[in-house]
Amino acid sequence: MPNDDFHFYEPAKGHGLPHDPFNAMVGPRPIGWISSQDENGALNLAPYSFFNAFNYTPPIVGFASIGAKDSLHNIRQTREFGWNLATRPLAEQMNRSCAAVPPEVNEFELAGLTPAASRRIAVPRVAESPVSFECRLTQLLQLEGVDGVPVPTWLILGEVVGVHIARHLLKNGIYDTAAAQPILRGGGPADYFEISPDNLFKMFRPR
């Protein structure tokens, strides 16, 4: 029986709303600010809103490229990429790095950011970011619908082989999430959220 207290829709038939709510409901989401380079060393830096961590041991992170973008091409060639924490002080630079520019344009330069040498991979990290992961490709999958038909989206998974953390974020050896001022992607065309200490609450798992 229909329930007027809920808006129901089948995505294949359209949502019937002014803006697709899917991204807003699955969110806010961490940002995959991905650094990569092609086989000739040309740099690329781009934010991805479909990003997360998927495993503890070994640590595995992943992001989805909707369309065959430069990051996907680069990672296919080199099998390496970096993840850099997008923070409130770096929000404008992060936003500039998502500009639709030709592959030969260096987004580090476009956004006024500094490439810093990594220790386990050739791809540089964002020097201004307080946290960065060095990653090696483990799986690259093209997504499919329930009908088995491939869609033009690729899931890139990588094992984290190196981690950089700014020392001021380690309080008595414990990483302080809010102190880094991470920003998260919301669902609207321009919606972001910032984590602050005021948002913190604690809840321990049942034993």
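Please treat every number below as a calculation from the coordinates, not as lab data. The model shown is predicted, which means the values in this text are computed figures rather than measured ones. Every residue, glycine as well, gets a Cβ built from its backbone with ideal geometry; the counts of neighbours run over all protein chains shown.
Could you compute the FRET efficiency for Val151 and Arg119, with r as their C-beta to C-beta distance and R0 at 30 Å, rounded to 0.05?
0.25
Close amide H pairs (under 5 Å, H built 1.01 Å from N) link Thr87 with Ile183, residues at least 5 positions away or on another chain. Here the label points at Gln77 and Asp4, each 7 Å from Cα along the C-beta direction, are separated by 6.0 nm in the simple model.
Residue by residue, the range 145-150 carries 3J(HN,Hα) couplings of x, 4, 7, x, 7, x Hz when phi is fed to the Karplus relation 6.51 cos²θ - 1.76 cosθ + 1.60 (θ = phi - 60°); x denotes Gly or Pro.
Computed from the alpha carbon positions, the gyration tensor of the range 1-156 leads to an equivalent ellipsoid with semi-axes of 31, 18, 16 Å, biggest first. Modelled this way, with points 7 Å down the Cα-to-C-beta line, the labels at Glu144 and Ile60 are 1.8 nm from one another.
Return a whole-number percent for the relative contact order of the range 1-159, with Cα pairs under 8 Å and 6 or more residues apart as the contact set.
23 percent
Calculated mean residue ellipticity, 222 nm, the chain: -2500 deg cm²/dmol, from DSSP H runs (n ≥ 4) at -39500 (n - 2.57) each, averaged per residue and rounded to 500. Dipole magnitude for the range 28-196: about 460 debye, using +1 per Lys or Arg Cβ and -1 per Asp or Glu Cβ, origin at the Cα centre. Taking the chain as a Gaussian network, where each spring joins two C-alpha atoms under 10 Å apart, which residue of Val105, Val151, Val131 fluctuates the most? Largest GNM mean-square fluctuation: Val151. By the rule of a C-alpha distance below 18 Å, with chain neighbours fewer than 8 residues away ignored, the aspartates and glutamates paired with Lys202 are Asp176. Considering only Pro102, Pro124, Pro182, the Gaussian network model of the chain with Cα springs below 10 Å gives its largest mean-square fluctuation to Pro102.
A dipole drawn for the range 28-196 from +1 and -1 charges on Cβ atoms has a positive end, and of Leu113, Ile174, Ala42 the residue lying farthest that way is Ile174. For Thr138, the residues 5 or more places off, or on other chains, whose built amide H falls under 5 Å of its own are Leu157, Gly158, Glu159. Select from Asp147, Asp38, Asp191 the residue whose mean-square fluctuation is largest in a Gaussian network model of the chain (Cα-Cα springs shorter than 10 Å). Maximum fluctuation in the GNM of the chain, among the listed residues, is at Asp147. Determine, from the Cβ-Cβ distance of Asp198 and Asn95 and an R0 of 22 Å, the FRET efficiency 1/(1 + (r/R0)^6), rounded to the nearest 0.05. About 0.35, to the nearest 0.05.
Residues in the range 172-187 carry Karplus couplings, in order, of 6, x, 10, 5, 9, 4, 5, 4, 7, 6, x, 10, 10, 7, x, x Hz; the curve used is 6.51 cos²θ - 1.76 cosθ + 1.60 with θ = phi - 60°, and Gly or Pro positions show x. Database remark: amide H of Tyr192 closer than 5 angstrom to the amide H of Gly186 (H placed geometrically; neighbours at sequence offset of 5 or more, or on other chains; Pro and chain starts carry no H).
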